Amino acid sequence: MPDTIPAASTASKNHQALIVHSSPEVDQLLARLFEQEKWEIQFAANNAEALQRAKDAPFDLIITGERTPGKADIELLRRLRMVRPHTRSIILTDEFVPGDVLEAIRERAFSYFSRPFSTEKLAEMIRIAMCEPFWDDGIEVLRATRNWVHLCVRCDLATANRLLQFYREASGLPDAETEEVATAFREILINAMEHGGKFDPSQHLEVSYVRTRRMVLCRVKDPGQGFSLEELQHSAIANPEEDPFKHMETREAQGKRPGGFGILMATKLLDDLIYNEKGNEVLLVKYLDRSARAISL
């Protein structure tokens, strides 16, 4: 994995965003968000105009219009990379098409949203894009088939949130099950990044995602030395039933942040949570209803 080269910080003044026109309500939402952050915004009528404007002048963030199909936006991203390789791009589209999310990751889209999407999650992702100082190599596709994807993921919180949005788009599960897996997946990712990777952006996790008609399986392997579940006195999973907050005393004594509920939460949301002997690799398993449809990233 090459060394991370941070992009320019987005904390300075006079940052520029280019928005391809969507519906009036989405345009207004985006305009309000950027005005609050004191970014300058411009609108383009379509992808061709957006590409030409990007050639003429640099933009810190480009958001595509939801009226164009995802494949057209990914093609815009490919062309954009040739002239502005570090520009962040968030894809909005009216309809999810299997395969588009994986292609968006390959082309280094910052994020991807298809209708219907949560305006709150879109707003959150835009704020991450505004302040994330480095991102280009955050998620790398190592190998991929239609339903089995193997990724290299940088150890930082913003990258974890980006990965979870890509997952939500492509899960193909009912909303409740999508959020159950996403919540458990995020807890395990953050644990791996914090304890295995020390939130060091030069460190990376291996993440695999397998989707069949009968189950979802996620694998997370961190670069750390591992641990034993029996040694996790700072985690809620080690608490006796009569004292569900006992681990908080250990965390305070060790100077750790409040928390420690991640593994316990994941075990409640999933069907299986299996660690390897070393403790730096874990499988997350969620069994599905037989009527669930398989879908590829």
### Query
What are the residues in region 173-195 that are under 20 Å from Val285 (Cβ atoms) and in contact with a strand residue (DSSP E or B) (Cβ under 9 Å, 6 or more places away or on another chain), if any?
Leu173, Glu177, Glu180, Val181, Ala184, Phe185, Ile188, Leu189, Asn191, Ala192
### Query
Going through region 19-57 one residue at a time, which ones are part of a helix (DSSP H, G or I) and of a type in the set (Asp, Glu)?
Glu25, Asp27, Glu35, Glu49, Asp56
### Message
Take the conditions assigned to a strand (DSSP E or B) and among the hydrophobic types (A, V, I, L, M, F, W, C) and apply them to Ile90. Does it pass?
### Response
yes
### Task
With respect to Asp27, determine if the residue is surrounded by 11 or more Cβ atoms within 10 Å (Cβ to Cβ) and either modelled with pLDDT under 85 or more than 30 Å from Val141 (Cβ to Cβ) (or both).
yes
### Summary
Expected single match for buried (at least 21 other Cβ atoms within 10 Å of the Cβ), outside any strand (DSSP E or B) and touching a strand residue (DSSP E or B) at 6+ places or on another chain (Cβ under 8 Å) among Asp73, Asp137 is Asp73
### Number of positions in region 100-117 that are at pLDDT below 90 and over 19 Å from Met130 (Cβ atoms)
2
### Task
Restrict the check to region 175-184 and report whether at least one residue is closer than 28 Å to Lys278 by Cβ, within 13 Å of the chain's Cα centre (by Cα) and surrounded by 21 or more Cβ atoms within 10 Å (Cβ to Cβ).
no
### Message
On the basis of being surrounded by 13 or more Cβ atoms within 10 Å (Cβ to Cβ), modelled with pLDDT of 55 or more and not hydrophobic (A, V, I, L, M, F, W, C), does Gly255 make the cut?
### Response
no
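Would you confirm, using the coordinates I've provided, whether Tyr209 is of a type outside the set (Val, Ile, Thr), modelled with pLDDT of 90 or more and outside any helix (DSSP H, G or I)?
Against the criterion (of a type outside the set (Val, Ile, Thr), modelled with pLDDT of 90 or more and outside any helix (DSSP H, G or I)), Tyr209 qualifies.
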### Candidate set: region 279-297, residues that are closer than 26 Å to Val141 by Cβ and of a type in the set (Lys, Arg); chosen: the one modelled with the lowest pLDDT
Arg293
### Per-region count, region 32-66, residues exposed (fewer than 15 other Cβ atoms within 10 Å of the Cβ) and of a type in the set (Gly, Ala, Ser)
3
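The values are calculated or read from the model by the stated rules, or taken from the named source; none is laboratory data. Quick caveat, the model's predicted, so the values are computed rather than measured. Quick reminder, even Gly has a Cβ in these numbers, built from the backbone with ideal geometry, and neighbours come from all protein chains shown.
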